[in-house]
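**Student:** Dropping the structure in here first, questions after.
The values are calculated or read from the model by the stated rules, or taken from the named source; none is laboratory data. Computed from a predicted model, the values in this text were never measured in an experiment. Please note: Cβ atoms are built from the backbone with ideal geometry, for glycine as well, and neighbour counts cover all protein chains shown. Protein only, heavy atoms only, side chains kept; ligands, DNA and RNA dropped before computing areas. Shrake-Rupley method; radii C 1.70, N 1.55, O 1.52, S 1.80 Å.
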Amino acid sequence: MQRHARARIELIRWLGVLLASGAALGVAAGELEPVRIGLVRQASAGPLYIGVAAGYFRAEGLDPQVTFLETDPAVCAAVASGKLDIGMASLSASFYRYAAAHGLKLIASQASDQTGFPMYGILIGRKSHQAGFSGVHGLPHSRIGIADTDSGTYYSLLRIATRFGLDPGSIRTVPLKSPARELTALSRGQIDGALLPFATALQSARAGDALLRLSDLTVWQQGAVFTAADNVTARRDLIGRFMHAYQRATADYQLNFLHYDDAGDFIPGPHYDQYLELIARQAHMSVDVLAKTKTYCDRRANLDVADVERQVKFWQEQGRLDKRIAAADLLDLSFIGQEVAYPQ
């Protein structure tokens, strides 16, 4: 607790210095150009929060105006209508449908579900655990609560089944719309497991429950940074400066949160305590929970293009995405210089 208190004091002092230096930059560079960024409030946007606080956007002559919206569809609609310049959202069937219909382009990674940095887990109820459901081979014929069968977590669950030679149709997914409803159904024995954000699953686990991390079984691109296709051409300089600042932030995030030694022990970066406090405050979660549930973002904000291709193909095979849509048409990786490489 004392360590976190000291971190809060250091954070306040540190932000004061940054704000002062940012103001000086603004005076030297002239009026800052607004860049309007929208997202749902979440810890996986940690690099963005760091970039704003550290002054990386101001260094590019930008005034980052961050708006928190209630849902990913609301973020997509605001970008498509021109109310926002940049959006961040989870990838899902509905996201791809909307992006294709309204000319949205994925330009960078927000987060991916990676081994060692779990974003989601299946919380297995005590009775089901005692009956033998403890791992991937317990999935067939189990009732798995899930927020939405259009979601990326549905994709990852069925990808796990395919990878381990299970029949995807044997997994009985139960759409319940929210983690709260999933937990209620789990407590009543109406489902055998609840597929939840990892932080929620970790905090909700009771004695006798088991927790199965999805990222131990498959890795996938969970969220992306995107803009409108018109911005790629008409406002290319703005998007380019945003991406330069964002990549500085993702590199800083990796330095402070994603380094481990050869023995697997975490090596906190020089600003770890300050950034942890910053992200926890923005995400409205405790520092202790955040420390246990750090998410992954590529150092250069590169997207897992091969997985985006797999996701598009998956949703097309599920009949939830027009087969004429090509993943390449939804991407513009020119701002980060990433090569497009699809699986053979």
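**Student:** For the chain, what does the accessible surface come to per residue with a 1.4 Å probe? Please give it in Å².
**Tutor:** For the chain, the per-residue accessible area is 45 Å².
**Student:** Quick check for the chain: number of Lys pairs with alpha-carbon distance under 24 Å, counting only pairs 8 or more apart or on different chains?
**Tutor:** 5
**Student:** For R41, what residues show an amide H to amide H distance below 5 Å, using hydrogens built from the backbone and excluding near sequence neighbours?
**Tutor:** L69
**Student:** Would you kindly compute the Cα radius of gyration of region 107-202 and its largest Cα-Cα separation (Dmax), both in Å?
**Tutor:** Spelled out, the Cα radius of gyration and Dmax of region 107-202 are 13.0, 45 Å.
**Student:** In addition: For the chain, what Kirkwood radius comes out of the mean inverse Cα-Cα distance, in Å?
**Tutor:** The Cα-based Kirkwood calculation yields 21.0 Å.
**Student:** Taking H as built 1.01 Å from N, whose amide H comes closer than 5 Å to the amide H of L331, not counting residues under 5 places away?
**Tutor:** So L331 has HN proximity to L106.
**Student:** Using a 7 Å offset from the Cα along the Cα-to-Cβ direction at both A131 and A180, what is the distance between the two label points in nm, to one decimal?
**Tutor:** 2.8 nm
**Student:** Alpha carbon centre of region 97-130 versus region 36-71: separation in Å?
**Tutor:** Answer, in whole Å: 21.
**Student:** Let me ask something additional. At 222 nm, what value in deg cm²/dmol follows for the chain if DSSP H runs of at least 4 each add -39500 (n - 2.57) and the sum is divided by all its residues, to the nearest 500?
**Tutor:** Computed mean residue ellipticity for the chain: -13000 deg cm²/dmol.
**Student:** Show the residues, 5+ positions off or on another chain, whose built amide H is closer than 5 Å to the amide H of L211.
**Tutor:** Sorted by chain and number, the residues that satisfy this are I124.
**Student:** Let me ask something else. Among the helices of the chain (complete DSSP H runs), which have Cα atoms covering no less than 15 Å along the helix axis and a Kyte-Doolittle mean of at least 1.6?
**Tutor:** none
**Student:** Run the Debye formula on the Cα coordinates of region 145-290, all scatterers equal and no solvent, and tell me log10 I(q)/I(0) at q = 0.14 1/Å.
**Tutor:** After summing over all Cα pairs, the log10 values are -0.98.
**Student:** Ignoring ligands, DNA and RNA, how do Y296, Y49 rank by accessible area with a 1.4 Å probe, largest first?
**Tutor:** Y296, Y49
**Student:** Percent of accessible area on region 126-260 owned by carbon and sulfur, 1.4 Å probe?
**Tutor:** Roughly 48 percent, rounded to a whole number.
**Student:** Which whole-angstrom value gives the distance between the alpha carbon centres of region 253-320 and region 135-177?
**Tutor:** Result: 23 Å between the Cα centres.
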